[in-house]
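K.L.:
Sharing a structure below in structure tokens format, with a few things to ask.
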Protein chains: 4
Amino acid sequence: MQPYFHRVQYYETDKMGIVHHSNYIRWMEEARVDFLAQIGWNFEKLEAQGVASPVLAVRCSYKRPARFPEQIRIAVVLKDYHGVRVTIGYRMENADGMLVCEGETDHCFVDGAGQPVRLRRELPDFDAALRALLASD
Amino acid sequence: MQPYFHRVQYYETDKMGIVHHSNYIRWMEEARVDFLAQIGWNFEKLEAQGVASPVLAVRCSYKRPARFPEQIRIAVVLKDYHGVRVTIGYRMENADGMLVCEGETDHCFVDGAGQPVRLRRELPDFDAALRALLASD
Amino acid sequence: MQPYFHRVQYYETDKMGIVHHSNYIRWMEEARVDFLAQIGWNFEKLEAQGVASPVLAVRCSYKRPARFPEQIRIAVVLKDYHGVRVTIGYRMENADGMLVCEGETDHCFVDGAGQPVRLRRELPDFDAALRALLASD
Amino acid sequence: MQPYFHRVQYYETDKMGIVHHSNYIRWMEEARVDFLAQIGWNFEKLEAQGVASPVLAVRCSYKRPARFPEQIRIAVVLKDYHGVRVTIGYRMENADGMLVCEGETDHCFVDGAGQPVRLRRELPDFDAALRALLASD
């Protein structure tokens with residue numbers, strides 16, 4: 001799996017001169033979209049199946065501020081998956097390899113009506129891809 | 001018409017220590033939503049009629065930076081309306097009455113399929129409200 | 001302590017038609033600023049003392065989406081404080097009293113040079129205010 | 001000059017299902033930072049000279065919505081420069097080469113105290129680079 005890179009933007013800074021803490025939550029989303037594309041399930045493909053994966057929870061520990069115009073390396077891992085919920089982990093480092101932050105997001109899968117989708121039954125290929133990924137870690 | 005007030009948020013600042021210029025565009029939207037509600041056409045009512053008013057253009061001249069945690073007073077006026085397009089003007093002042101910025105947005109009206117809506121025929125009450133407002137200025 | 005109210009803005013929505021999950025992190029900041037002002041320690045006062053309180057961690061569980069243009073009620077509580085770190089809790093409800101999300105942020109206190117500040121010694125009044133608050137819950 | 005590419009992010013969409021209009025203002029900034037780096041004046045270099053270039057005005061005409069996860073090509077040109085102010089133009093196209101929006105920003109140059117800087121006298125190399133660029137168009 002290739003890491004995702006985010007270039008810090010000026011508009012992401014705040015008056016402390018560093019990146020505002022809310023932006024790291026957005027970078028997790030960027031990296032997650034890229035991660036799903038890498039395992040063959042990009043957003044359009046999931047959307048075409050009528051499946052969305054809302055965020056149930058987010059956790060982030062800030063270790064060292066990111067600054068404009070640094071490039072941040074984001075490594076994404078599948079941390080947990082049991083057929084209904086998935087937990088994805090993120091580790092962000094700056095160009096010096098220093099840890100910037102660590103985070104996790106929890107997701108479920110729902111159909112167009114907002115009803116839970118059991119991936120094993122309704123998207124068995126996606127289910128298999130996630131299980132293979134979990135086993136390989 | 002009552003002015004709209006926006007309290008500057010910390011997350012709206014940038015590393016220059018002032019509000020990032022993109023946020024004033026968002027405040028125009030806040031003030032516009034409030035303005036439409038004041039003339040009896042809040043967002044839900046327009047939406048219930050199946051009408052959206054996308055932004056065609058935006059212009060903003062920045063005069064003096066806004067800072068956290070100032071309260072900004074936004075006066076909204078209808079600048080132009082000829083049945084198809086509308087131009088709305090915004091004047092933002094800080095608590096000392098100093099001009100912060102002036103801006104304008106142009107909008108059209110479209111139905112759910114993205115087709116232009118002629119307000120005079122399809123939403124005559126809204127059309128009349130806009131004409132009355134223009135005449136009163 | 002008075003709850004804080006946030007009016008959902010159009011620009012806070014995403015293509016799912018609901019508020020994007022990153023915005024709740026920003027609303028926690030809004031509510032926290034208001035909370036500190038209510039206990040007599042607004043941002044300017046802390047800043048005048050040369051003290052900043054960076055976010056060390058954030059956690060948020062999303063229960064029910066907020067939608068434009070709802071008003072969200074945010075109750076803030078001091079959850080933990082031992083002289084160096086503080087944990088603040090947030091409970092957001094919509095106008096029907098339904099739980100929208102619950103979150104927490106952890107903070108430390110630093111001086112202008114980024115060095116940790118021991119509140120009991122350097123800002124005893126603020127330390128006392130926090131201890132009183134913790135005891136009263 | 002190489003165009004700048006921006007990948008549309010999910011968090012940049014709004015409930016109309018398209019990119020919120022405020023984000024194009026931010027993309028102009030991204031493209032401008034890249035443009036200045038390409039002509040040898042990246043942000044750090046200007047900052048090291050104690051020079052900032054605040055935005056005086058922004059204008060944007062929206063032609064066709066950008067959608068997640070499109071890649072947008074942004075061509076930047078120097079439109080005007082007379083020693084004190086600069087006007088930069090932006091043309092954004094989607095992957096099909098369709099025009100998404102056109103915009104302009106006006107900037108001045110100020111020192112650390114916020115006082116105007118005359119580039120010809122104080123940053124003659126930057127002044128020359130801008131003049132050469134204007135002449136070449």
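Rule-based calculations on the coordinates, nothing more; no lab input. It should be emphasised that the depicted structure is a prediction, and the values quoted were computed from it without experimental measurement. Don't worry about glycine lacking a Cβ; one is built from the backbone with ideal geometry, like all the others, and counts go over all protein chains shown.
K.L.:
Out of the stretch D:45-56, which residues are within 17 Å of B:I18 (Cβ to Cβ) and in a helix (DSSP H, G or I)?
P.N.:
If the condition is that a residue be within 17 Å of B:I18 (Cβ to Cβ) and in a helix (DSSP H, G or I), then D:E47 is the only one that fits.
K.L.:
Got a number for residues in the stretch C:51-74 being in contact with a Pro (Cβ under 9 Å, 6 or more places away or on another chain) and farther than 15 Å from C:V33 by Cβ? Walk me through how you get there before you give the answer.
P.N.:
Within the stretch C:51-74, the first condition is being in contact with a Pro (Cβ under 9 Å, 6 or more places away or on another chain), and the residues that meet it are C:54, C:62, C:65, C:73-74.
Those still in the list that are farther than 15 Å from C:V33 by Cβ too: C:62, C:65, C:73.
Result for the stretch C:51-74: 3.
So that you can scan it fast, the table gives a plain yes or no per residue for (1) closer than 15 Å to C:L78 by Cβ; (2) in contact (Cβ under 8 Å) with a residue 24 or more places away in the chain; (3) part of a strand (DSSP E or B):
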position	(1), (2), (3)
C:D96	no, no, no
C:C101	no, yes, yes
C:E104	yes, yes, yes
C:A113	no, no, no
C:R120	no, yes, no
C:F126	yes, yes, no
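K.L.:
Turning to a different aspect of this structure: Take the residues of the stretch C:45-99 that are aromatic (F, W, Y) and within 14 Å of chain A (Cβ to nearest Cβ): which is surrounded by the fewest Cβ atoms within 10 Å (Cβ to Cβ)?
P.N.:
Going residue by residue through the stretch C:45-99, those that are aromatic (F, W, Y) are C:62, C:68, C:81, C:90.
From what is left, the residues that are within 14 Å of chain A (Cβ to nearest Cβ) are C:62, C:90.
Numbers: C:Y62: 22, C:Y90: 26.
Here the answer is C:Y62.
K.L.:
Hey, any hits in the stretch B:62-73 for a residue that's farther than 29 Å from B:I18 by Cβ, touching a Ser or Thr at 6+ places or on another chain (Cβ under 8 Å) and not aliphatic (A, V, I, L, M)? Talk me through it step by step, then tell me what you get.
P.N.:
Let us first name the residues in the stretch B:62-73 that are farther than 29 Å from B:I18 by Cβ, namely none.
No, the conditions are met nowhere in the stretch B:62-73.
K.L.:
Something else now. Just give me the residues in the stretch B:4-44 being part of a strand (DSSP E or B), at the interface with another protein chain (Cβ under 10 Å from one of its Cβ atoms) and more than 20 Å from D:V58 (Cβ to Cβ), in sequence order.
P.N.:
Scanning the stretch B:4-44 gives a single hit, B:R7.
K.L.:
Of all residues in the stretch A:100-137, which are of a type in the set (G, A, S) and surrounded by fewer than 20 Cβ atoms within 10 Å (Cβ to Cβ)?
P.N.:
At the first step, the residues of the stretch A:100-137 found to be of a type in the set (G, A, S) are A:103, A:112-114, A:128-129, A:132, A:135-136.
Within the stretch A:100-137, A:G112, A:A113, A:G114, A:A128, A:A129, A:A132, A:A135, A:S136 meet the criteria.
K.L.:
Identify, by number, the condition in (1) more than 14 Å from every other protein chain (Cβ to nearest Cβ); (2) of a type outside the set (S, T, Y); (3) outside any helix (DSSP H, G or I) that D:L130 doesn't meet.
P.N.:
Every condition holds for D:L130 apart from (3).
K.L.:
Identify, by number, the condition in (1) closer than 22 Å to B:P54 by Cα; (2) acidic (D, E); (3) within 13 Å of the chain's Cα centre (by Cα) that D:E93 doesn't meet.
P.N.:
Unmet condition: (3).
K.L.:
Of the conditions (1) assigned to a loop (DSSP other than H, G, I, E, B); (2) touching a His at 6+ places or on another chain (Cβ under 6 Å), B:R67 fails just one. Which one is it?
P.N.:
Tallying (1) assigned to a loop (DSSP other than H, G, I, E, B); (2) touching a His at 6+ places or on another chain (Cβ under 6 Å), B:R67 fails exactly one: (2).
K.L.:
Looking only at the stretch C:1-44, count how many residues are surrounded by fewer than 16 Cβ atoms within 10 Å (Cβ to Cβ) and either closer than 18 Å to B:E30 by Cβ or acidic (D, E) (or both).
P.N.:
Summing the residues that are surrounded by fewer than 16 Cβ atoms within 10 Å (Cβ to Cβ) and either closer than 18 Å to B:E30 by Cβ or acidic (D, E) (or both) in the stretch C:1-44 gives 3.
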